[in-house]
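Q: Next up is a structure, given as structure tokens.
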Amino acid sequence: MQGRLEALLEEAHIKLSSLVSDLLGASARRMLKALAEGETDPGALAALADYRLRATPEQLRDALGACQELHPVYRRLLKAVLEELELIEKQIGQLDQEMADLLRPHQDQVERLAEVPGLGVDSAQQIIAQVGATAATFPSEGDLSSWVGACPGDYESAGVSYSHRSPKGNRPLRRILNQAANAAVKQKGSIFELLYRRYVPRLGHNQTIGLIAHRLCRLIWKILHQGVRYKEFGPAVSGKSKHRRAARMIRELRSLGYRIELANPQSAVPA
């Protein structure tokens, strides 16, 4: 969908994608909706952007300058794409709610997985749907990693590495883990950020993300199979950051109908 929007805007000489990395984000959506509804003032469109956006109002006005002579056909096409996007998001929301209804008996497992950096309520639900509430099918974390395909290959001969490919495994679940790893390494002061900084100079980004995805996979098995909670052992995760993340997770859980009762964690597992 992002690609379709970008292609349409480029054809219409609207250079918004050169300044806004996420055309599906809140700021871009507000500007695009106003553009589709007939707004012709670049300044008025630029004013709809969030103040935290890196692009300046002058840059946005310049990128949106073509809206003054934009053909009505492009506005109709843009409106159609935005309406299709809203429909897809509504359908995804309905499916998420159905999944939450089915997983409500396993709310504790969802909460414990969602506490892991890089994961969240949605990814926790998808993981449990794939491996089960206790990962009982897998005798060890290594078995789960092998099944997912999160074990990097390491064929060496005479000290030369010829392959770092992962086995095929469960591609949807491996994709979730890779996305989670990319998100986890961005959490300031977390153990995952520390691991990323340690290994990326030697392994490069892709292999380091694979390594962290593998670590996340083993961590998921421990949380589900052993009934423990995640505990952060990174050097400097701020209390404010933890509070924001916990509040966001609670909002997501409540929006899906889970009942949340705050309590002190009983056990924990390090990353």
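Q: Does residue 35 satisfy being in a helix (DSSP H, G or I), touching a Cys at 6+ places or on another chain (Cβ under 7 Å) and touching a residue at least 40 places away in the same chain (Cβ under 8 Å)?
A: Against the criterion (in a helix (DSSP H, G or I), touching a Cys at 6+ places or on another chain (Cβ under 7 Å) and touching a residue at least 40 places away in the same chain (Cβ under 8 Å)), residue 35 qualifies.
Q: Follow-up. Could you please tell me which pairs satisfy a Cβ distance under 8 Å, a separation of 6+ or placement on different chains, a first residue in the range 54-68 that is over 11 Å from residue 19 (Cβ atoms), and a second residue that is part of a loop (DSSP other than H, G, I, E, B) and hydroxyl-bearing (Ser, Thr, Tyr)?
A: 67/40; 68/40
Q: Still on this structure: Looking at the range 41-55, can you tell me whether even one residue there is among the acidic types (Asp, Glu) and at pLDDT below 90?
A: Yes: the range 41-55 contains one or more residues that are among the acidic types (Asp, Glu) and at pLDDT below 90.
Q: Right, here's the next one. Keeping to the range 82-117, report how many residues are over 21 Å from the mean Cα position of the chain (by Cα) and surrounded by 17 or more Cβ atoms within 10 Å (Cβ to Cβ).
A: Qualifying residue count, the range 82-117: 2.
Q: Could you list, ordered by first residue, the pairs with Cβ atoms under 8 Å in which the first is in the range 1-19 and in contact (Cβ under 8 Å) with a residue 24 or more places away in the chain and closer than 13 Å to residue 61 by Cα and the second is exposed (fewer than 13 other Cβ atoms within 10 Å of the Cβ) and not acidic (Asp, Glu), at least 6 apart or interchain?
A: Note: pairs meeting the criteria are 19/54.
Q: Restricted to the range 156-174, and to residues that are part of a loop (DSSP other than H, G, I, E, B) and farther than 17 Å from residue 220 by Cα, which residue is modelled with the highest pLDDT?
A: Among those that are part of a loop (DSSP other than H, G, I, E, B) and farther than 17 Å from residue 220 by Cα, it is 168.
Q: Among the listed residues 63, 55, 49, 136, which satisfies the condition of being among the small types (Gly, Ala, Ser) and farther than 30 Å from residue 6 by Cβ?
A: After ruling out the rest, the residue left standing is 136.
The values are calculated or read from the model by the stated rules, or taken from the named source; none is laboratory data. Remember, predicted model here, so these are calculated numbers, not experimental data. All Cβ positions, glycine included, derive from the backbone under ideal geometry; neighbour counts span all protein chains shown.
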